1. Quick check of the Kirkwood formula: for the stretch 143-276, what is the inverse mean of 1/r over all pairs of different Cα atoms, in Å?
2. Using θ = phi - 60° and the Karplus curve 6.51 cos²θ - 1.76 cosθ + 1.60, what whole-Hz ³J(HN,Hα) does each residue of the stretch 346-361 get, with Gly and Pro shown as x?
3. Looking at A343, L396, F385, which one has the Cα that reaches farthest to the positive end of the dipole of the chain (charges on Cβ: Lys, Arg +1; Asp, Glu -1)?
4. For the stretch 14-229, what is the largest minus smallest coordinate of the Cα atoms on each principal axis, given in angstrom and ordered from greatest to least?
5. Tell me which aspartates and glutamates have Cα within less than 16 Å of K119's Cα, excluding those fewer than 8 residues away on the same chain?
6. Taking the Cβ of each residue in L210, L396 as the centre, tally the other Cβ atoms inside 10 Å and list the residues starting with the fewest.
7. I want to verify a result. In a Gaussian network model of the chain, Cα cutoff 10 Å, which of these has the top mean-square fluctuation: T131, T144, T229?
8. Quick one: work out Rg over Rh on the C-alpha atoms of the chain, Rh as Kirkwood radius.
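Every read-out reported here was derived from the displayed coordinates using simple, explicitly stated rules and does not represent laboratory data. Since the model is a prediction, treat every value here as computed from it, not as a measurement. Here the Cβ is made from the backbone with ideal geometry for all residues, glycine too, and neighbour counts use every protein chain on show.
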Amino acid sequence: MDCYYTVVNTGLDADQQLARIRRGAAEIVVESELRAKLERSLRTATPLKVKLGLDPTAPDLHLGHTVVLQKLRDFQELGHQVIIIIGDFTGMIGDPTGRSETRRPLTWDEIRENAETYKAQLGKVLDMERTQVRFNSEWLGRLTFEQVIRETAHLTVARILQREDFAARYAAGRPISLHEFLYPLAQGYDSVALGADVELGGTDQTFNLLVGRDLQRAHGQEPQVAVTTPILEGLDGAQKMSKSLGNYVGINEPPAEMYGKLMSVPDALMFRYFELATRVPEGEIRALRALHPMEAKKRLAWTITAMYHGEAGAAAGEAHFSRVIQGREVPEDIEEVSLGTSAAAEPLWKVLARTGLVASSSEGRRLIQQGAVELDGQPIRDLNFAVATSPASHVLKVGKRRFKRFVLRKE
């Protein structure tokens, strides 16, 4: 959806806008340039073009993605023109950022399917009526081979190897495909094509954002300001939030799952989540620090769940947590499955995989050993434990929130 509008008069001067932008930002390159852009925007009533690029490499967004989206929303509420670039063309290259090996390029079908899912989810954070969504195949797909060669002349191999991930792979003798060198060039060209004033990205995108500044200068444009946001740690409190690591909170997850996951955020990270994943005023956050950690965490879980599911969803998530997690009750609406077997009994780790509670038998074994599995309310740690066939149903619980009722019948 394309939209063009004049700057909204929010009544905030450049200093006040900067204060809003600084919250939750890791770095602004260069802040004096941003101030000058904001002052010119106010003087001419012309909104800044603020760009965020998203490669549709996965279909679902999680809270880690929303950190930069919240910053984009800040710019939007300050009256500036927000532009989301869906990297349908760069998705064929695959962002090498943070990779120790070449990423598998996506197919066009995968890219388009993921892109449509992204667009639907972006509305949970952004005002889509005032958001411009573009696909970078619009301009990158039209470049001739001669034009690509001319663009590559603006970057040196030494400059590209300043990227830590490229440098580490090169030093270790791990292969770097030539097309990966083109990724920062393509992302930077997006900024040229749009005449971007500001580009947002996580701190892992700093190099790519700065390449955009270089290319804009080469094309005679005023260089964009790069605003980076921190990488949000996942529920394990150690590694960055990632679906592949299983430490994520998806913004499309059911309210009870979202609320329960947020209640498991380590105390040491709780206020980082408040700062980066919510817009609770800083004064309120300071007041929350004086509360018992459990009370502050309940406020965190309620706030974020309400952001994506409304207050009714937050209330349902809180009630489920109180009843099932704290009260150790079995939910009333858990799914029941019927399993057939030719044996008199089946190992519990195998039953776990067959019910779908775990992705594999090996994961089932690991969780049993960790004491994370209960059968009919009793913790099971014995890997040799087997479930006998019976017409009666059983309740399996994995961790604090996953339940499944099953019947194991002999065939």
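1. For the stretch 143-276, inverting the mean 1/r across all distinct Cα pairs yields 17.5 Å.
2. Those phi angles translate into 10, x, 4, 4, 6, 4, 4, 5, 5, 6, x, 5, 10, 7, 7, 5 Hz.
3. F385
4. Per principal axis, max minus min of the Cα coordinates gives 50, 35, 33 Å.
5. Within the straight-line limit of under 16 Å, K119 reaches these aspartates and glutamates: D2, D55, D60, D88, D109, E110, D127, E129.
6. With the fewest neighbours first, L210, L396 line up as L210, L396.
7. Between T131, T144, T229, it is T144 that shows the largest mean-square fluctuation.
8. Here Rg/Rh amounts to 1.03.
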